[in-house]
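Report on the structure given below.
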Amino acid sequence: MAAVEEATQIKRKAEEAPALEPAAKESKVVPPPAAEVLEETETDAADLKGAKIATAVGFNTADTTLNLVPTLGGKVLTCLTDGGIQYFLTGARANTGVKTGRYVVEYKVLEVLSPSEGWQRTPMNVNPRQLLKVGFSTKESSLLLGDGKDQVFFDSLGMFWSEGTSKLVSVKLTRDMVISLVLNLEKGSENCNTVSIFVDGKRTAKPMPIPEAMQGKTLYPHLSFRNLTMQVNFGPTLMKPLPFKCHMLSQAVKPQTEQHPEVKPKDGKYEVVFPVGFPDEGTFTFVDAWLQENPGYFELSDRKVIEWGQASGLIPLKSGPKAPTNDKPIIAFNSSANEDFSIKRVLNAIASVVPRNYVVMEVKQNLIPADRKELLKRFSLPCFKKVAVVAMGEPGKDFKEKEHAKMLKLKQDRENATFALQQAEKKRQKEIKKFEAAKAKAAAEAAAAAAAPAEGDSKPDEEMKDGEEKKEGEEKKEDEEKKDMEVDEEKKEEEEEEPQEPPTAELTDEEKQRWFCPLALPDIAPIIADRSFTQFSIPSTEEGFDDVKYTWQPEAKAKAYLKGKLTLKKKICRMVDLIPGESFQTTLKEAQKALAEMREKQAAWKAANPTAEEDASAEEVGEIENIHDVGEGVPLYKAFKTEDWSLLLLRYEMFLLYNSFKKDVKDDEHPGIHESNLVYYYTKYFRKHINPVWFGAEKIGEVLALISDTVEMESEMLKIKVDEDTELKQFVLKTEGSRRKRERAQAAGDETKKLTIDPYFLGQPVAAPAVISAPPPVGQKGASRPPMSYHHHHHQRWQPVGAKGGKPYYGGGKGQWKW
């Protein structure tokens, strides 16, 4: 009866005590029936033998999360409750673990916190808002209970968690209760390898078994909580006595425990490590491996914020954006604290004043000097030592082997998926074949039944009867032979069936030469990388670093590797922020004016000489002093047609583009314009489009072949064949010389030299307005219109070709070509 009364009192106290969660959100979990009698099976502990532990039991800074606020020498623990961090669990693991024996640890909820988001913030849907988890874990497990393996614990809802599964075993844990956990690793004991929970000195659950995977390992007291203030008692005196004698952890002896005293740096400075690596080349893999070798470091990164939130029970928004990059994944939890980056600001503020070892994991920012300068400012206190760790170039053998193993696994997974699809398709085809065969057989039987004589028909004579019997016998024999053949075919198909195991994947020689496994997501968004890669550099002590360490390659090789990567990226990446310089604008306007004047002079000469025949001279074009008057007022370009004016314009534009780009990039080491980016830079500089189709070509390289006397593609890079100070006059001479050669070839019967260029190239506006529709270029089938420029207003419109004298007309825009 006494046991029943005690159980009833515990139940009543649990019901009357204030819950950790507001009443409106109170869990529906109910405690075990009060009538259940929990027989005590623990016995009094024997006196301890051996030397007492030397280090006081407590919490090392490295074994706590960043939002923990310890007071009174670690006896009272609370957590931060502002900027969205109140939704994140706080974790702390003791510095003393139990290898054998039986010990007790006590906890008490001193305060239940209910932080407010404020009227401008959106609260996050977290349930329960206050949460407590107390238990034991191994040294290598996560700092948050419930995140990973090698952990056993009770939570404030009365659930016992082990190996990822939970079971209702106890009463709710509420404020002012003294919660005692007894860890029994005493060999020979009835409850060996169990953990028990007591509330106010009374057992509330049977001894719960420790998973087999954790048995034989050193187990450490561990607690995680949210929006609470906790008291932790490691001894020597119990706050609430137990029904049996049990030693507290602070009374433990060395043979039964394992201790990890707080290791403080010899020079009093904690390391702040800045990993530096090239994007998409194993930076995060390197950091993960480095942290395994150096477990005392806390990583500051966006990815760890997300992992921390998920381990705290926060569920990412299903409709929210997915992580676009590894370096800057989107923190998609339902709270305005994510939108204004309050969580990151709080963590950065704490890290700057809490002395401990950190890893600042920022791929882009750690590569750019200006960003590194801002990061270093956060750790300006004298207790911090700033160290850059450079992982660049060819990694070590172990790293490459791990990367190859990941590549092989990805390849094998693809093989498995393909094989499964193939097997499913074969099975489907086999079922279809069986169905078709059954359908054909049923149709044949129906036809035979329809052809059989009816019951009322007259009996055939003896000869017919004998013939039918003979026929039936032959049909029966044929059916049997057919069935035997079908069985043989099925057996043959089964014998010829491919093995039921997918093919084994192997890496090719080319894949074995790779150093890094391809990533599902890039480290940096391509557009961000293209804009910032020219600023990438390796840190130096002059920037404020106390030390720069090189892991994969020495300093000289690492710098040479980065230089080579940047040169390659400069070759193929677009400089989206590049702005054409003033010199280009001035030169372009002068050329536009000169070309317009030349066309006017040609038109005037033709008007004055309407009967003049076109020049079919076979003479080469020599040095001509005045191209506007080669004699008797005749301009050199009198015979220019649309094709010639187009090639003259193209020659000068490519010449001007090459020289202006070289000036505007302001980088002597930049290799120039790559063939894949030529159209992009052409549009950026001249604010109009160029389409190879207009020149009867498929690729831009074929277009440049038409002006091979001026430019060429050398190793896929644009190169000019003239001096940088060449005047427009020289391009007119080249165009006239090219025209004469083409005319001579055509006169000799070479039709391949005939050239047709769409007039739209010559007459298109300088800047295409942003409108809904546009006329297609003249003579081009299915050609796409040039890209519209956002610099022009929406009221500017296209008009059909021919609306203004048969020429393309741009209504309202400035700077158009006037021919």
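The values are calculated or read from the model by the stated rules, or taken from the named source; none is laboratory data. Just so you know, these numbers come straight off a predicted model, no measurement behind them. No Cβ is skipped: glycine too gets one built from the backbone with ideal geometry, and neighbour counts run over all protein chains shown. Ligands, DNA and RNA are stripped out before the accessible areas are found, and what is left, the full protein with its side chains, is counted by its heavy atoms. Shrake-Rupley method; radii C 1.70, N 1.55, O 1.52, S 1.80 Å.
Which value, in Å² rounded to 10, gives the accessible area of Y658 with a 1.4 Å probe and all protein chains present? About 40 Å², ignoring ligands and nucleic acids. Sparsely packed loop sites in segment 106-197 (the GluC sites (Glu not before Pro) outside DSSP H, G, I, E and B with at most 16 other Cβ atoms within 10 Å) comprise E140, E163, E190.
Computed extension length for E698-A612: 27.3 nm, one decimal, from 0.36 nm per residue of separation with the Cα-Cα distance subtracted. Grab the beta carbon distance between S380 and D288, set R0 = 25 Å, and tell me the FRET efficiency rounded to 0.05. The pair S380/D288 has a calculated efficiency of 0.30.
Averaged over residues, the count of other Cβ atoms within 10 Å places the peptides 515-525, 433-443 in the sequence 515-525, 433-443, highest first.
Once the C-beta distance of K75 and S715 is scaled by a Förster radius of 45 Å, the resulting FRET efficiency is 0.05 to the nearest 0.05.
The local environment of I624, defined by Cβ-Cβ distances under 10 Å, has a net charge of -3 under the rule Lys, Arg +1 and Asp, Glu -1. Can you tell me the FRET efficiency between E401 and L521 if r is taken as the Cβ-Cβ distance and R0 is 22 Å, rounded to the nearest 0.05? The formula returns an efficiency of 0.40 here. At a probe radius of 1.4 angstrom, the accessible area of segment 574-728 per residue rounds to 52 square angstrom. Of the cross-linked pairs K565/K699; K99/K411; K167/K411, those separated by over 31 Å at the C-alpha level are K99/K411; K167/K411. Counted residue by residue at 0.36 nm each, then reduced by the alpha carbon distance between them, the extension gain from T756 to E40 reaches 247.7 nm. Cross-linked pairs K593/K688; K638/K721; K344/K402; K328/K563; K397/K666: Cα-Cα separations exceed 28 Å for K344/K402; K397/K666. A simple packing score, the average count of other Cβ atoms within 10 Å per residue, orders the peptides 675-682, 171-178 as 171-178, 675-682, with the highest score first. The trypsin sites (Lys or Arg not before Pro) found in segment 38-117 that occupy coil by DSSP, while having at most 15 further C-beta atoms within 10 Å, are K49, K75, K99. Think of a 1.4 Å ball rolled over the protein heavy atoms: segment 163-216 then has 42 Å² of accessible area per residue.
Return the Rg/Rh value of segment 125-180, two decimal places, where both radii are evaluated on C-alpha atoms and Rh is the Kirkwood radius.
Checking Rg against Rh, the ratio lands at 0.97.
Farthest toward the positive end of the dipole of segment 77-226, out of L80, M214, S114, is the Cα of M214, where the dipole comes from beta carbon charges about the Cα centre.
Under 10 °C and 1.306 mPa s, how fast does segment 644-726 diffuse according to Stokes-Einstein, given a Kirkwood radius computed over C-alpha pairs? Answer in µm²/s, whole number.
Result for D is 122 µm²/s.
Summarising the label geometry, the points placed 7 Å from Cα in the beta-carbon direction at I528 and E669 lie 2.4 nm from one another. Among the listed pairs K589/K729; K108/K133; K149/K202, those whose Cα-Cα separation exceeds 20 Å are K149/K202. Taking a ≥ b ≥ c as the square roots of the eigenvalues of the alpha-carbon gyration tensor, segment 199-269 is classed prolate because a/c is 1.5 or more and a/b outweighs b/c.
Here segment 628-770 is treated as an ellipsoid with the same Cα gyration tensor; its semi-axes, largest first and in whole Å, are 26, 18, 16.
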